[in-house]
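Colleague: If you scroll down you'll find the structure; I have some questions about it.
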Amino acid sequence: MIIWTLAIGASVALLVVTATGRGAGLNLAYAHMAVAAAMALIFALVAIREMRAAAGRGAARSEIAATAARYSGLVYTWGALALAVMYGTKLLEWREWLSFLIAFMVAAGLSLFLSATFNKDREQGREDAAMLKISRYLAMVQLVGMIAVAIGLVVDGKMTRFLTPLRHGDWAANNVFFFGAIAVAAISLMALRMDAGASKPSAGK
């Protein structure tokens, strides 16, 4: 967790620097997008690797669910911190930032709570069928919702607002939204696949 704390802190710092820098034309705007994309990719790849490893050793469904929820929570936490620093400190101006910050904090809290609950079940050697069912439905909702968010940002032209940053203060947030959505969607998709695979042996008994 210390490594993730440092990684998230460093990426948020880079997002701030590339969002508020001056004198580099569009270079810093592209750098901002690259930082957001790289961090989202790291979240997704590490989460997928851990879920595959868990499924490969025959881990309980609760462990896979806990891993997916934990990394989804980390993505939401990263997004919340990025918004808080970029907009809460008035480095960038955007009126709607607080609403999204609250939404991210709620999503992060729920995801991390689910992760802790599943880890507790795993440590006690039991699986809560109802909680696993809820987790699966949430993963489905996240998958569909995040795909819709990513498509919506592109269709609405919000991913090119960095070209006119003075007119559209949300351009930096859109990078976080877009790549964060892709990361959560990838994590959710893999969680659904791994959970389906983990549940087959028990179904055949």
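Colleague: Restricting attention to the stretch 54-64, does a residue exist that is outside any helix (DSSP H, G or I) and surrounded by 20 or more Cβ atoms within 10 Å (Cβ to Cβ)?
Modeller: Taking every residue of the stretch 54-64 in turn, none turns out to be outside any helix (DSSP H, G or I) and surrounded by 20 or more Cβ atoms within 10 Å (Cβ to Cβ).
Colleague: I would also like to ask the following. Just to check your reading of the model, which residue among Gly125, Gly145 is over 14 Å from Tyr71 (Cβ atoms) and assigned to a loop (DSSP other than H, G, I, E, B)?
Modeller: One residue alone meets the criteria, Gly125.
Colleague: Look at the stretch 92-103 and say how many of its residues are within 21 Å of the chain's Cα centre (by Cα) and either polar (S, T, N, Q) or not in a helix (DSSP H, G or I) (or both).
Modeller: Residues in the stretch 92-103 being within 21 Å of the chain's Cα centre (by Cα) and either polar (S, T, N, Q) or not in a helix (DSSP H, G or I) (or both): 2 in total.
Colleague: Separate question: Hey, can you tell me all the residues within the stretch 81-91 that are surrounded by fewer than 23 Cβ atoms within 10 Å (Cβ to Cβ) and assigned to a helix (DSSP H, G or I)?
Modeller: Matches in the stretch 81-91: Leu81, Ala84, Val85, Gly88.
Colleague: Quick check: is even one residue across the stretch 24-32 touching a helix residue (DSSP H, G or I) at 6+ places or on another chain (Cβ under 7 Å) and under 18 Å from Met194 (Cα atoms)?
Modeller: Within the stretch 24-32, none of the residues are touching a helix residue (DSSP H, G or I) at 6+ places or on another chain (Cβ under 7 Å) and under 18 Å from Met194 (Cα atoms).
Colleague: Looking at this structure, is Val106 among the β-branched types (Val, Ile, Thr), modelled with pLDDT of 95 or more, in a helix (DSSP H, G or I) and closer than 19 Å to Met190 by Cβ?
Modeller: Numbers: among the β-branched types (Val, Ile, Thr): yes; modelled with pLDDT of 95 or more: yes; in a helix (DSSP H, G or I): yes; closer than 19 Å to Met190 by Cβ: no.
Answer is no for this residue.
Colleague: A further question follows. State the number of residues belonging to the stretch 76-103 that are among the aliphatic types (A, V, I, L, M) and farther than 20 Å from Val17 by Cα.
Modeller: 3
The values are calculated or read from the model by the stated rules, or taken from the named source; none is laboratory data. Quick caveat, the model's predicted, so the values are computed rather than measured. Don't worry about glycine lacking a Cβ; one is built from the backbone with ideal geometry, like all the others, and counts go over all protein chains shown.
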